[in-house]
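Written out below as structure tokens is the structure these notes cover.
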Amino acid sequence: MTDPVILLQILWTGIAMSSYFVLFTVAFALTLKVEKLWNFAQAGLMGIAFYTMFWSLNAAHWPTWAGIVASVLLTIGVTIGMEIWAIDVLRRRHSSGLIFFIFTLIFSQFVAFLLTLLFGTEPETIFPSVMSPVRIVSGIAVSDWDLQAVGLTAALLIALYLLIRFTRDGQFMLAVADNEKLSEIYGISARRAYILSGVISALLIVAGIWLYGTRAGVTPDVPVDLILTAVIATLIGGLGRVFSAGMVAVGLALLQSFSILFIASKWQGLLLYGILFFALLVFPRGIPAWRPRRIQPAPKPAAPVQAEG
């Protein structure tokens, strides 16, 4: 029987590790909800964000804050530029969904090829060391990276929820996501909503790749693998349910973490593909959202019919 402390350690580590998966998933699901776009170009944005920070901190020797700011600005700039000069052009031409899919996939592959030419194929980390100070809490090892990852992810998700729930721009995004044509009749700019969702997604991507790059090595091909998890979580969570997709990402990370108890590490990558096939076959529209069943009032007894005469 497995020691309970070991199980709690795996649980905590899995929750901390899920942080960047959650951020990538929410970014992907938000774009899909608002723009109706399977934006695989976000894999390319991950590469741009990471290598901007890597070059700024290791080659240019900028301060950490400057490298993060440079990554944010460049990633947002590429996102807005792609929206204005590519996605919007395809949208005005009434291109099919397949064309959007091919364009975003080619973009991410082009970025991966370009980054390979510039930085090579060796795994790189944002800092020379990925070691983080660790403290023992009730027998569980809790690192500073774990606390940073969980805290940053929770703060960003809360901020996103508040923006969507309590701001006009957030409500406008929901309106465009629900019905683009109708929202424009009421004076809501769909283009502004698209750009805003892209900027938010870019911020989430930068935060996610920061967490990933301070924990593990990154190559130009890694973002393509990361986006796969986001796609799986989005499918299982249900199209249009952004935060549900984020919760599924946590579940997938925990499944991977606990799988080390019964699956060899070389097979863990296959586990994600198995989950993807299962989700597509069993839950093509995602797991149905649970809603409490309303108790229907009992029908009133019919009034007695009085005999005539």
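The values are calculated or read from the model by the stated rules, or taken from the named source; none is laboratory data. Computed from a prediction, not measured in an experiment: that's the story for all the values here. All Cβ positions, glycine included, derive from the backbone under ideal geometry; neighbour counts span all protein chains shown.
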- Residue within the range 251-259 that is polar (S, T, N, Q), loosely packed, with under 12 Cβ neighbours inside 10 Å and either modelled with pLDDT of 80 or more or in a helix (DSSP H, G or I) (or both) present: no
- Task: Using the structure shown, decide if ALA60 is in a helix (DSSP H, G or I) and on the phi < 0 side of the Ramachandran plot.
- Result: no
- Note on the structure: Going through the range 213-244 in order, the residues found to be under 22 Å from LEU280 (Cβ atoms) and not in a helix (DSSP H, G or I) are GLY238, LEU239, GLY240, ARG241
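The rows are residues; the columns are (1) loosely packed, with under 15 Cβ neighbours inside 10 Å; (2) at pLDDT 95 or above.
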site	(1), (2)
PHE113	yes, yes
LEU117	yes, yes
PRO123	yes, yes
ARG135	yes, no
VAL142	no, yes
LEU147	yes, yes
LEU157	no, yes
PHE166	yes, yes
- Counting only residues that are of a type outside the set (Asp, Glu) and either part of a helix (DSSP H, G or I) or surrounded by 15 or more Cβ atoms within 10 Å (Cβ to Cβ) (or both), how many does the range 87-96 have? 5
- Query: Under the condition of being of a type in the set (S, T, N, Q) and at pLDDT 90 or above, which residue from the range 227-250 is surrounded by the fewest Cβ atoms within 10 Å (Cβ to Cβ)?
  - Reply: SER244
- For ILE106, indicate whether it is modelled with pLDDT of 95 or more, surrounded by 12 or more Cβ atoms within 10 Å (Cβ to Cβ) and not in a helix (DSSP H, G or I). no
- Message: On the basis of being part of a helix (DSSP H, G or I), in contact with a helix residue (DSSP H, G or I) (Cβ under 6 Å, 6 or more places away or on another chain), closer than 22 Å to MET247 by Cβ and in contact (Cβ under 8 Å) with a residue 24 or more places away in the chain, does SER18 make the cut?
- Response: yes
- Message: Testing LEU204 on (1) at pLDDT below 90; (2) within 11 Å of the chain's Cα centre (by Cα), one condition comes back false. Which one is that?
- Response: (1)
- Query: Can you name every residue in the range 55-86 that is touching a helix residue (DSSP H, G or I) at 6+ places or on another chain (Cβ under 7 Å), surrounded by 17 or more Cβ atoms within 10 Å (Cβ to Cβ) and more than 16 Å from LEU203 (Cβ to Cβ)?
  - Reply: SER56, LEU57
- Note: among MET131, MET173, just one is under 30 Å from PRO4 (Cα atoms) and more than 15 Å from the chain's Cα centre (by Cα), namely MET131
- Task: Would you mind finding the one in LEU156, LEU118 that is within 22 Å of the chain's Cα centre (by Cα) and part of a helix (DSSP H, G or I)?
- Result: LEU156
- Applying the selection to the range 159-176, what residues are in contact with a Leu (Cβ under 9 Å, 6 or more places away or on another chain) and among the small types (Gly, Ala, Ser)? GLY170, ALA175
